[in-house]
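Undergrad: One structure, as structure tokens, below. Some questions next.
The values are calculated or read from the model by the stated rules, or taken from the named source; none is laboratory data. Because the structure is a prediction, the values reported are computed rather than measured. Please note: Cβ atoms are built from the backbone with ideal geometry, for glycine as well, and neighbour counts cover all protein chains shown.
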Amino acid sequence: MNAFDLSGYRFPAEWEKHEATWLSWPHKEDSWPGLIQQIYPAYAQFVAELSLGEKVRINVKDEHMKAFALEHLSKTNARLGQVEFYFHPTNDAWCRDHGPAFLVNKDAAIDKKVVLDWGFNAWGGKYPPYDLDDVIPTLVGKALDLKVMYPGIIMEGGSVEFNGNGALLTSRSCLLNKNRNPHLTQSEIESYLKNFYRVSQILWVDDGIVGDDTDGHVDDTVRFVNEHTVLTVVEDNKSDSNYEILQNNLAQLQEMKLENGSLLDIIELPMPEPIYIEGQRLPASYANFYIANQSVIVPTYRCAKDDKALNIIQTCFPDRKVVGIDSAVIIWGLGSFHCLSQQEPAV
């Protein structure tokens, strides 16, 4: 269904009120080889924290997976009455990228909320199969009785960041990668972003962090915390392979202007110490936090910089509690809490 007028719709900023958070229960052992059983306590703690302030809607394969999830959630302080399960089988757990993107129009007589179903190809075809993940937004739309729109190109939620007032921030390394939409120019991609996300300004940084298999998702590097302020990760160690990448992004951010002509307010966030598992550099970043209704859930890495990062993020969200949850094993899957979640805005 594409013959639908999106005038008046918008993609709310993450800090705007949610009706729910969508998740896809982790089950793919190849995403956490040898360690998947170790991720569930932290993942269940994430669900529990979300449930204190909003509904949590979880895609599961069947009753067996639902029972397995409830077994782990029962060991936490989760408000189980806030947790809903949907029998939507998935290939993997990264709901930020395969989940529904919701647009809202509070003034609409009907259809106050609609779903975008962008194409999904597992980050450039890296991890087949991805057929189940690709249809999740449509299944969610049907479950919620919402209209579903099909832009017709590949797009992942972790590749785009919003200020809720017309600006979208993304990275060239991901959206201009030939493994996504090789037939489109930068200008054409910008047109899709503006037309379907209902934004008016596209801001570009060059690259993402080392170890990020998504080709540079912006949710590991730069995050809006209000309409005019971004948190951006920087690396202090000049010999670290992320140092030049993040300095270049910082310089680009310093030159950016919003549509009203103002420069961005920029707050620097440290990178954690490098994490390796089996010799592989992992994309550990404090920027992969998730803004829930009552809290901001931040990945921590058993690192000396954890407290500093939590304190910086807390200054950006005085009305929410910043909660650190151990992500030292979850990051073996090459993502963390923002990658695992997708907000459903309230109307």
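Undergrad: Condition first: of a type in the set (K, R) and part of a helix (DSSP H, G or I). Now tell me which residues in the range 210-226 satisfy that.
TA: none
Undergrad: Now a separate question. In the range 46-55, is there at least one residue being part of a loop (DSSP other than H, G, I, E, B), under 17 Å from T138 (Cα atoms), out of contact with any His (no Cβ under 6 Å at 6 or more places or on another chain) and in contact (Cβ under 8 Å) with a residue 24 or more places away in the chain?
TA: Checked the range 46-55: no residue is part of a loop (DSSP other than H, G, I, E, B), under 17 Å from T138 (Cα atoms), out of contact with any His (no Cβ under 6 Å at 6 or more places or on another chain) and in contact (Cβ under 8 Å) with a residue 24 or more places away in the chain.
Here is a yes/no grid of residues against (1) out of contact with any Asp or Glu (no Cβ under 7 Å at 6 or more places or on another chain); (2) within 25 Å of N248 (Cβ to Cβ):
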residue	(1), (2)
D134	yes, no
P137	no, no
Y150	no, no
S173	no, yes
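Undergrad: Filter the range 56-69 for residues that are touching a residue at least 60 places away in the same chain (Cβ under 8 Å) and touching an Asp or Glu at 6+ places or on another chain (Cβ under 9 Å) and give the result. Working first, answer last.
TA: Taking the range 56-69 and keeping what is touching a residue at least 60 places away in the same chain (Cβ under 8 Å), we get 57, 59.
Across the range 56-69, the qualifying residue is only R57.
Undergrad: Continuing with the same structure: Within the range 125-151, restricting attention to residues that are surrounded by fewer than 17 Cβ atoms within 10 Å (Cβ to Cβ) and in contact (Cβ under 8 Å) with a residue 40 or more places away in the chain, which residue is farthest from F4 (Cα to Cα)?
TA: Restricting to residues being surrounded by fewer than 17 Cβ atoms within 10 Å (Cβ to Cβ) and in contact (Cβ under 8 Å) with a residue 40 or more places away in the chain, the top hit is K126.
Undergrad: Among what's in the range 235-254 and is without any contact (Cβ under 8 Å) to a residue 12 or more places away in the chain and polar (S, T, N, Q), pick the residue that is surrounded by the most Cβ atoms within 10 Å (Cβ to Cβ).
TA: Step by step, filter the range 235-254, then rank; the result is N237.
Undergrad: Which of (1) closer than 26 Å to M155 by Cα; (2) over 22 Å from the mean Cα position of the chain (by Cα) is the odd one out, the single condition F46 does not satisfy?
TA: So the condition that F46 fails would be (2).
Undergrad: Regarding G166, is this residue touching a residue at least 24 places away in the same chain (Cβ under 8 Å), more than 24 Å from I331 (Cα to Cα), among the small types (G, A, S) and surrounded by fewer than 22 Cβ atoms within 10 Å (Cβ to Cβ)?
TA: Taking the combined requirement at face value, the residue satisfies it.
So that you can scan it fast, the table gives a plain yes or no per residue for (1) of a type in the set (G, A, S); (2) over 19 Å from L246 (Cα atoms); (3) in contact with a Gly (Cβ under 6 Å, 6 or more places away or on another chain):
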site	(1), (2), (3)
L269	no, no, no
I275	no, no, no
G279	yes, yes, no
L282	no, no, yes
P318	no, yes, no
V322	no, yes, no
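Undergrad: For the range 191-232: of the residues being acidic (D, E) and in contact with a helix residue (DSSP H, G or I) (Cβ under 9 Å, 6 or more places away or on another chain), which is nearest to Y127 (Cα to Cα)?
TA: So, considering only residues that are acidic (D, E) and in contact with a helix residue (DSSP H, G or I) (Cβ under 9 Å, 6 or more places away or on another chain), the one nearest to Y127 (Cα to Cα) is D213.
Undergrad: OK, next. How do the pairs read when you match residues in the range 1-20 that are within 23 Å of H228 (Cβ to Cβ) with residues anywhere that are at pLDDT 95 or above and of a type in the set (F, W, Y), using Cβ under 6 Å and keeping only pairs 6 or more apart or on different chains?
TA: Note: pairs meeting the criteria are F11/F162; F11/Y197; A13/F162.
Undergrad: Can you tell me which residues in the range 81-121 are closer than 24 Å to K66 by Cβ, among the small types (G, A, S) and in contact with a Gly (Cβ under 8 Å, 6 or more places away or on another chain)?
TA: Of everything in the range 81-121, those that are closer than 24 Å to K66 by Cβ, among the small types (G, A, S) and in contact with a Gly (Cβ under 8 Å, 6 or more places away or on another chain) turn out to be A93, G99.
Undergrad: A further question on this structure: Just the residues that are of a type in the set (D, E) and within 22 Å of F120 (Cβ to Cβ), please, taken from the range 63-93. Step through it out loud before you land on a result.
TA: Of all residues in the range 63-93, those of a type in the set (D, E) come to 63, 71, 84, 92.
Listed by number, the list holds a single entry, D92.
Undergrad: Using the structure shown, decide if P33 is assigned to a loop (DSSP other than H, G, I, E, B), more than 18 Å from the chain's Cα centre (by Cα) and at pLDDT 95 or above. If you could, list the steps in order and put the result at the bottom.
TA: Working: assigned to a loop (DSSP other than H, G, I, E, B): yes; more than 18 Å from the chain's Cα centre (by Cα): yes; at pLDDT 95 or above: yes.
Against the criterion (assigned to a loop (DSSP other than H, G, I, E, B), more than 18 Å from the chain's Cα centre (by Cα) and at pLDDT 95 or above), P33 qualifies.
Undergrad: Just the residues that are farther than 18 Å from D265 by Cα, surrounded by fewer than 18 Cβ atoms within 10 Å (Cβ to Cβ) and in contact (Cβ under 8 Å) with a residue 24 or more places away in the chain, please, taken from the range 311-323.
TA: K321, the sole residue that qualifies.
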